[in-house]
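The values are calculated or read from the model by the stated rules, or taken from the named source; none is laboratory data. Values in this document were obtained by computation on a predicted structure and should not be read as measured data. No Cβ is skipped: glycine too gets one built from the backbone with ideal geometry, and neighbour counts run over all protein chains shown. Note: areas computed on protein heavy atoms with side chains; ligands, DNA, RNA excluded. Shrake-Rupley method; radii C 1.70, N 1.55, O 1.52, S 1.80 Å.
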Amino acid sequence: MGLCLFLLSFLFHSLYAHNDFFTSIGQMTDLLYTEKDLVTSLKEYIRQEENRLEQVKEWADKLDSLTSTATQDPEGFLGHPVNAFKLVKRLNSEWGDLENLVLKDTTNGFISNLTMQRQFFPTEEDQTGAAKALLRLQDTYQLSANTISNGDLPGVVHKSRMTVADCFELGKIAYSEADYYHTELWMAQALTQLDEGEESTIEKVTVMDYLNYAIYQQGELERALELTKRMLKLDPNHQRANGNLKYFEFQLEKQRKAEAEKKEQEDKKREKKVLDKRDAQRKRSKDPLPERKKYEMLCRGEGVKLTPRRQSRLFCRYFDNNRNPWLLLAPVKQEDEWDRPRIVRYHDIISDSEIKTVKELAKPRLRRATISNPITGVLETAPYRISKSAWLYEYEHSTIEKINQRIEDVTGLEMDTAEELQVANYGVGGQYEPHFDFGRKDEPDAFKELGTGNRIATWLFYMSDVSAGGATVFPDVGAAVWPKKGTAVFWYNLFASGEGDYSTRHAACPVLVGNKWVSNKWIHERGQEFRRPCAIVRVSVLVSMGCVSVQGVNDYASVCAVFLLLCPSTQILKCCEVSGQHML
């Protein structure tokens, strides 16, 4: 037993040396087995306790019957020498045995197991992260607190209802972040469930206290006053409520006087204030994402749609990439997802067995995904990227080597300078808010240490279906690509000139229901000089800039390939300055 516990401890220590459980559903599944093991241990403890108590009960029942008979005629009973002997024996030894039985400690196994595993339990940070994820899902998919509390989510198989205590905990976490909008929503839900008769250790007055403050902070004095009066009916001696009653009445009277003087202006201000409480909360919290509304609309499947004319130009086809030898007999299924930027999806591009292998290789290595700080360049975690990731190298397993070769065959791009295959698993409400994959002009050193240039393209495998949410969206153009297991999407991050395509700014929407696994390959510039020739450039423009001096040539010429060989930048004019005027 001791050896088993040691091995179990070692296993969990190796798996969860880095926790952040809420950032990966894949690793959270292991917590279910941890809890199942604890339940098994607890049931064994209960079985032992029940067995012990059963023995005590049998002893008590036997003696209850015996003493009831004996006390009716004590002298007559003890007149029998065997009865006298047994009485002395019981009191001298058997009651001692019973005492040992009662005092027998059967908790050691359970307590030691619990203590050992507790050090690998989720932390307060995990609980807060999971709670914030629910709030994020509520906003993104416009769900009411009642809908979430009842577990009425799309695609749900295992429905689960939230208790008053659960709702209260969400409200408290929002309150601790000064998020009074969500504090109100969840304290109101907790109060509703209490009013409906749900039993809970949480008192109504306690819930009302938080709710009252959240309402007041959002400027609704009349509602705050009404709730205060209700609180005092339940607890007339509530100190804070009594103080608030006087304060709110004073503030309301002051407000009414001001309204009488400037009624029209105040009405407009008050109407604007209550128009969108969430917008007000975003301003208070200094939300850094300007396109949040557009991003969330796309995540819900709303927003921009292609015109019929543009839609008619999107096709499905069998694709062999200009008769690539590896694709001639088995061309891949290619589907146009979007036209500008061009986003294509490849169907049945990775098999279930390959997906299984990739997951098995990645799962033990999953660590909280990081972002590169644009100022310091240091890798750090961020609240807008909720996932765990791992990097897989092709020398580790033949499957990874095959996948890399397949990407090269389909895209026609060199993989030697690409980054390793990154595998990501999203957590509770897992997301990655709008971002660019390529380095912008204000990030000149973004990939300097790699020495392979900028990220020219992105290849993204979907390794699981997602019941609800989890789309890849492009807010600037209105594109939304939904996860489908076994498919991959591909797009170029850079124009053929080497300039960044800012329309490729994209995001991974929060996962509402399900478990999202993806893997991606970031392909870099170096090695692509002849695989993706640069765009045709007007020579007349170069001549006017003094970059070339050419007589009798066509107005168009492809010059980028030479530039790429001669200088580290793909910007044409900069290359001209470095490499001289007589390039053609």
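Using a Debye calculation, one point per C-alpha and no hydration shell, please list log10 I(q)/I(0) for region 21-119 at q = 0.19, 0.25 Å⁻¹ in order. For the requested q values the scattering log ratios are -0.96, -1.25. Close amide-amide hydrogen proximity is noted between residue 468 and 512, 513, each under 5 Å apart and 5 or more residues distant or on a separate chain (H modeled in the peptide plane; Pro and chain starts excluded).
When restricted to Cα atoms, region 413-484 yields an Rg and a Dmax of 14.6, 40 Å, respectively.
Straight-line cross-link partners of residue 57 among the aspartates and glutamates, defined as a Cα under 18 Å from its Cα and at least 8 positions apart when in the same chain: 49, 94, 97, 99, 105. Once all protein chains are placed together, residue 78 keeps about 80 Å² accessible to a 1.4 angstrom probe.
Please compute the volume of the convex hull spanned by the alpha-carbon atoms of region 203-242 and report it per residue in Å³. Spell out each step's value before the answer.
Working: hull volume 2.1 nm³, N = 40.
So the per-residue hull volume is 53 Å³.
Only four residue types carry charge here, +1 at the Cβ of Lys and Arg and -1 at the Cβ of Asp and Glu. Report the dipole size of region 306-524 about the Cα centre in Debye, rounded to the nearest 20. It would help to have the intermediate numbers written out before the result.
On the way: 28 positive and 29 negative charges, 140 e Å.
The calculation lands at about 680 debye.
Prolate is the label for region 168-214. Its Cα gyration tensor axes, ordered a ≥ b ≥ c, give a/c of at least 1.5 and a/b above b/c.
Can you pick out the pairs among 204/233; 359/516; 132/356 whose Cα atoms lie more than 20 Å from each other? Walk me through the intermediate numbers first.
On the way: 204/233 11 Å; 359/516 12 Å; 132/356 30 Å.
Violating the 20 Å Cα-Cα cut-off are 132/356.
Can you give the charge dipole size of region 21-119 about its Cα centre, rounded to the nearest 20 debye, using +1 on the beta carbon of Lys and Arg and -1 on the beta carbon of Asp and Glu? The partial results should precede the final answer.
Details: 11 positive and 16 negative charges, 32 e Å.
Result for region 21-119 is approximately 160 debye, rounded to the nearest 20.
If you add up the charges near residue 307, with Lys and Arg at +1 and Asp and Glu at -1, over every other residue whose beta carbon is less than 11 angstrom from its beta carbon, what do you get?
Working: positive: 305, 309, 310, 313; negative: 339.
Spelling it out: positives minus negatives among the neighbours equals +3.
Give the residue list of trypsin sites (Lys or Arg not before Pro) in region 384-484 that are DSSP loop and have at most 10 other beta-carbon atoms within 10 angstrom.
Values: sites: 385, 388, 402, 406, 440, 441, 448, 455, 484; in loops: 440, 441, 448, 484.
Those that pass, being in a loop and sparsely packed, are 441.
Taking the Cα atoms of region 124-260, the ratio Rg/Rh between the radius of gyration and the Kirkwood radius comes to 1.03.
Considering every Cα-Cα pair within region 306-524, what fraction, in whole percent, is farther apart than 20 Å? Don't skip to the end; give the middle numbers.
Working: 14289 of 23871 pairs.
Every Cα pair in region 306-524 considered, those over 20 Å come to 60 percent.
Dipole of region 19-102 computed with +1 at Lys/Arg Cβ and -1 at Asp/Glu Cβ about the Cα centre; of 81, 59, 33, farthest Cα towards the positive end is 81.
Selection among 206, 193, 221 by position relative to the dipole of region 155-270 gives 221 as farthest towards the positive end (Cβ unit charges, Cα centre).
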